[in-house]
Every structure is written in structure tokens, then in C-alpha cells.
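A quick write-up on the structure given underneath.
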Amino acid sequence: MLQLICILGKNIVFMTAYNMLQIKGFLFFIFIQLNFLTAQQKFSKRQIQKIKIATIEAVDSRHKNTQVMIDKVFSFAELGFQEYESSAYLTGILEEAGFEVVKGISRIPTAWMARWSYGEGPTIALGSDVDCIPKASQYPGVAYHKPMVEGAPGHGEGHNSGIPVIVTAALTLQEQMKNNNLGGTLVVWPGVAEELVASKAWYVRDGYFDKIDMCIFTHVSSNLSVSYGQARGTGLISVEYTFEGEAAHSAGSPWRGRSALDAAELMNVGWNYKREHLHPLKRSHSIFTDAGDQPNVVPSKASIWFYLRDITYEGIMKMYNDANNIAEGAALMTDTKVSSKIVGTAWPRHFNKVIAETMYANIQTVGLPEWSEADQTLAKAVQQEVESKNINGLAVELSNLGKPLKYPRSGGSDDIGDISWTVPTVTLRFPSNIPGLQGHHWSNAIAMATPIAHKGGTAGAKVVATTVIDFLTQPALLKQAKDYFENVQSKETKYQPMISEKDPPPIYLNKGIMDQYRPALEKFYFDESKYDTYLEQLKIEYPTVK
Ligand SMILES: [Zn+2]
């Protein structure tokens, strides 16, 4: 009876309930109402297709809003842990749409989680990163180096497009869930400080993913793609070593000083000797974060910050152990003291086969955006400017479904790894950027507030939204995804956090840089009430090429 009622739709429920009221009393009426949204509805393939077509059209109708969000976040140009404007703007949109937003999660002021429920169903997390890159300030749409603010941060990774993709998908899904009576909960969240890999392991540690059934993450790319199994790239531990010695007059009484900088330099030298004996899949890099104040004072304090990367958790922890030993050795050699703190971690990523396969079918339906001649002209000019091997412009052929690698490949990391080992997860890569660029560079910012980013964002939102529709309409899919997660992915490898219960997120990072540049950047914030696009506000002819 209940099933029949659900299939017939809401109006019938009330009519039937009215009859029931007379026959079996008011309690039964309540029972039916409560169960109305909890009943597992069965949808035919045709019905699901119909909902997905409506979803794709609805995402298209939101293209203007997607464009504004992408342009707006681009203009904020905020580094990790300093995403105050971006967070206030994006949570404002979600709150207005009825999401319940919890701010400051994991004691990170710019982190948040936005939740919206409609009846009963799976809880699906939708996330993407939001921070930018130091010294990558760049005018969009201009095919050569032209900083908006010299030395300032900029979206030279393209994270400005990620949360807009997710927000567009989430707002579309709200409508579709109501229109089609699809029960479920949407949880939207930002990858704060992804460039520091310093938020997602904290979210996991603090339980924010405990009651999540699955996660769809998105990341900017130059094609529309998804993969499963161990992802290309590494995980990492980010550690800062601080040495303490004794100050002295560098000329008057150098023999009374013990240089902390000598220790930091020796640690770096020691690690570089170690490098010869590291497996080629490992990656490591360092910067000095404190190298003394001025030459005539023996530095009493110095710090060096390492990213230590490998393709397995065990490999990363071995590198960490080796680095600790080298730090101790450097301290012994210089009669200084050393301490260290973990400032970021990322597990190597592993993505879910069932979600990836489901998503890839939607990728094939959505396809790549139609690029204009102007888009291609810009892309080719940028590729030539940075001497890329790829000078073919924007992608016009879809990537294949990414299958587990025969041989692991090294490369970058993303702390979505920690979430991918906590709930079934995939990363959708969407085509908002130009192929063949070096990454973390001003050239990667050029496309990110142009029609390339806008069209790529709309394509990405379509894939996210239709994939969520699949999981809301077919409960068996989620069961299969969880089965893969538990019995294939986690069969031999068990997640263990690299941070302890006590490690705080390093929210002080980047504050000084943003304090320095924010006043100059504020003058460039996108004003969507006055201008249609950011290119229009900046008076940029699109494309501007040499
Ligand atoms: Zn990224």
C-alpha cells in the first residue's frame, strides 16, 4: 500500500490519508506522512534518465551564477587559512538557499560545513578546494605574464572554480530532490589550505566525515575525467624543524655564538645527500622559514620546512623518521637544540570504482564544452608563452576512465587522500584550465576567470549533479560502493592518521602575506552588481595575446 502511495505521488498521499483518517484513525495518517519520504523509491531507467536531463538543463540555466562565483572567488585571491572573503561569500549563498552552515570547523576559522536534508536517504558530501598560490597574481585572459598586484598571491592552481562547481551542483540538486521527491542529505565543504595539505586530515580526525556515506570531490583540470584505484601521485608529511642556538656579535665574539642557521643548513645538506639514495618515486623539497635576522647577529633561531612525499603511508613515515635523524645529527654538529612540528599531511589517494564508473557514464553524456575560437586562441598563446610541449590548445576529446595504474607514478599530493580512506570517494577533474602548463604558476591563472573556466565549471557541475542523482535513485549503487571501499580498497591497507589528537591546524600560516597584499587586492574585487564579467570590470579584451 505504502509503495503504491509513494509511486502515485504526494497528492494521492493526502487523499488516501484522508480516507484512512476516517477508517483507521489519525495515527495511521501520521505514520504514512513520516514514511512518505523514508520509503525507498524504485525508479525505472527511463525515470532516472528524465531526472538527469532535467538536472543538466537546470545546471545550464545556472551558468550565469556559476560564472559570477568563479570570477568572484578568483578576485579574492586568498592563500590557505586566509580564505575569509571566499568563505563568507560562499557560505552566504548556501545559507540563503537554506543550508545549515557550521563555521570554524576543526578550529580553522575559514573552514565550514553546509548541510541540507530532504527526507531520508544517503548523506553525500560534495567538496573542493578554495585557496590560491603565492606570487601567482595574474590578469585573466592575458596570454603573458602580467600581474594584477606585483608579488601578490593569485589563483595559479585554479581552485577558484572548484567550490562554485559544487555550489551550482548542490543548488540544482536541491530543486531536483524536491521536484522528484528524492530523499537525502547534501553536505558541502571546502578544502581549506589545500596547498598546505592542512585541513582534510583534521576534518577526518575531528569526526566530520563519520556520518557521511560517500564523497564527490572536484578539482580543476584540462579535461573531464575521473579515475579509480590508487591515484597517480603521492601522499606527504609536511614538517617544520626549528633549531635553537645562542646569539653573539658575529664579528666581536663569534666564538660565543652557536648558529641555529648552521644547523638548518646542515640538515638541508644532510637531506640532499640522502636524496641520492631515495627511490625515484619519492619527492622532497624544502624552504627556509627563518634564516636569521641580519648578518652581524649569530642566528639563535632558524627553521626549515620540508614536504616529504611517497606513494605509500609506510614510505612517507620512513622518510619522516630519516628526516628526524638528520635533524638530530645537525643539532649535534652545531651544539643546538631541535624541535619539530607537523604542519600538514596527506594520505596517498585511492578512489572508488563504483562511483567512478557511475560518474564516467555521466561524463560521456555531458561531454566537453564547446570552445570558441577566442578560447582556443588564448590557450595556444599561453602554451607557446610557457614553451609547453602541448601546443594544441584546449582538449576536444574526452579522457578515458582512469583505471588503476600498472606501475605507480609519482607526482603531487592532495589531502583528499585522507577522506578517500574514510568514505568512498572520487575526484572529478573538470576542464576549466589550459593543458600543458607547469602548475602552481601565474600561467595557470590566465584561464581561470574567462569563458574557459566558466564553461568547464558548468560541465563539471552537470557531472557532479547527475552522479548524485544516480546514487539517490539507486540505493544498490551505494551498497556496491561501500562494498568496494571495505572489501577491496581497505582489505589490506588500513587508514591511520599522521597527525595526533593534539596537533593543531597551522592557521597562522600565510597571515603575514595576506595582511601585506589584501589592501591592494581589495581594489580588484569583482563587483557583479556593476559588471557582467570580471574581464569586463578589468577592461580586458578577450583574448589578449602578443
Ligand atoms: Zn589543487
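Counting lysine pairs in the range 203-342 whose alpha carbons fall under 20 angstrom apart, excluding pairs fewer than 8 residues apart on the same chain, gives 6. Rounded to the nearest whole Hz, the Karplus-based 3J(HN,Hα) values (6.51 cos²θ - 1.76 cosθ + 1.60, θ = phi - 60°) of the range 156-163 follow the sequence x, 9, x, 5, 4, 8, x, 5, with x at glycine and proline. Take the Cβ atoms of ARG107 and ASN296, set R0 to 41 Å, and the FRET efficiency comes out at 0.55. Cα centroids of the range 37-111 and the range 468-546: 11 Å apart.
Residues whose amide H comes within less than 5 Å of that of HIS219, counting only those at least five positions distant or on another chain, are LEU428, ARG429, PHE430 (H built at 1.01 Å from N in the peptide plane).
Panel order for LYS546, LYS52, by other beta carbons found within 10 Å of each beta carbon, from fewest to most: LYS546, LYS52. Which values of log₁₀ I(q)/I(0), to two decimal places, follow from the Debye formula for the range 287-442 at q = 0.17, 0.20 Å⁻¹ with a uniform point scatterer at every Cα? Here the Debye-derived log intensity ratios amount to -1.13, -1.30. Projecting the Cα atoms of GLN67, VAL396, ASN272 onto the charge dipole of the chain, computed from C-beta unit charges around the Cα centre, puts VAL396 farthest toward the positive end.
Assuming a strict under-26 Å limit between Cα atoms, what lysine pair count do you get for the range 417-519 once near-sequence pairs (fewer than 8 apart, same chain) are dropped?
Taking the range 417-519 as the scope, the lysine pair count is 8.
Taking only DSSP H segments of four or more residues, each worth -39500 (n - 2.57), what value at 222 nm results for the chain once the sum is divided by all its residues, to the nearest 500 deg cm²/dmol?
The helix-only estimate for the chain comes to -13000 deg cm²/dmol at 222 nm.
Around the Cα centre of the chain, unit charges on the Cβ atoms of Lys, Arg, Asp and Glu (plus for the first two, minus for the last two) sum to a dipole of about 1540 debye. Each Lys and Arg contributes +1 and each Asp and Glu -1, all at the Cβ; summed about the Cα centre of the range 153-243, the dipole is approximately 200 debye. Placing unit charges on the Cβ atoms of the charged side chains and taking the dipole of the chain about its Cα centre, the candidate lying farthest along the positive direction among LEU509, MET148, ALA379 is ALA379.
Amide H contacts for GLY344 (H built 1.01 Å from N in the peptide plane; partners 5 or more residues away or on another chain; cut-off under 5 Å): SER238. Charged side chains reduced to their Cβ positions (Lys and Arg at +1, Asp and Glu at -1) give the range 71-178 a dipole of some 100 debye around its Cα centre. Taking 0.36 nm per residue of sequence separation and removing the Cα-Cα distance, the LYS491/GLU57 pair yields an extension gain of 152.2 nm.
Compute the orientation-averaged projected area for the chain from the convex hull of its Cα atoms and round it to one decimal in nm².
The Cα convex hull of the chain, projected and averaged over all directions, gives 28.5 nm².
Per-residue packing, averaged as other Cβ atoms within 10 Å, sorts the ranges 146-156, 186-196, 452-462 into the order 452-462, 186-196, 146-156, beginning with the highest.
Considering only SER225, GLY184, LEU437, and ranking their Cα positions along the charge dipole of the chain that arises from unit charges at the beta-carbon of Lys, Arg, Asp and Glu, the one farthest toward the positive end is GLY184.
In the chain, what percentage of the DSSP-assigned beta bridges are antiparallel, given to the nearest 5? Display every interim value, and only then the final one.
Values: 41 of 62 bridges.
Just about 65 percent of them are antiparallel.
Sequence-ordered 3J(HN,Hα) estimates for the range 453-458 from the Karplus curve with 6.51, -1.76 and 1.60 and θ = phi - 60° stand at 5, 5, 5, x, x, 5 Hz, glycine and proline given as x. Normalised by the residues of the range 172-322, what does the relative contact order come to in percent, with Cα pairs under 8 Å and at least six apart? Contact order relative to length: 24 percent.
Phi angles across the range 57-74 convert, under the Karplus curve 6.51 cos²θ - 1.76 cosθ + 1.60 with θ = phi - 60°, into 3J(HN,Hα) values of 5, 5, 5, 4, 5, 9, 4, 4, 5, 4, 4, 4, 4, 4, 5, 5, 5, 4 Hz, Gly and Pro given as x. For ASP290, the residues whose amide H sits under 5 Å from its own are SER303, ignoring neighbours fewer than 5 places away on the same chain, with H placed 1.01 Å from N.
Averaging the Cα positions of each part gives two centres, and for the range 192-216 and the range 380-434 these lie 21 Å apart.
Neighbour counts of other C-beta atoms within 10 Å: give me LEU428, LEU378, LEU332, LEU437 arranged from fewest to most.
LEU332, LEU437, LEU378, LEU428
Taking all Cα pairs closer than 8 Å and separated by 6 or more residues, the relative contact order of the chain comes to 23 percent. The residues SER490, SER199, when put in order of fewest to most other Cβ atoms within 10 Å, stand as SER490, SER199.
Each value in this text was obtained by applying a stated rule to the coordinates, not by laboratory testing. If you're wondering where the values come from, they're calculated on a predicted model, not measured in any experiment. Glycine also receives a Cβ, built like all others from the backbone with ideal geometry; neighbour counts cover every protein chain displayed.
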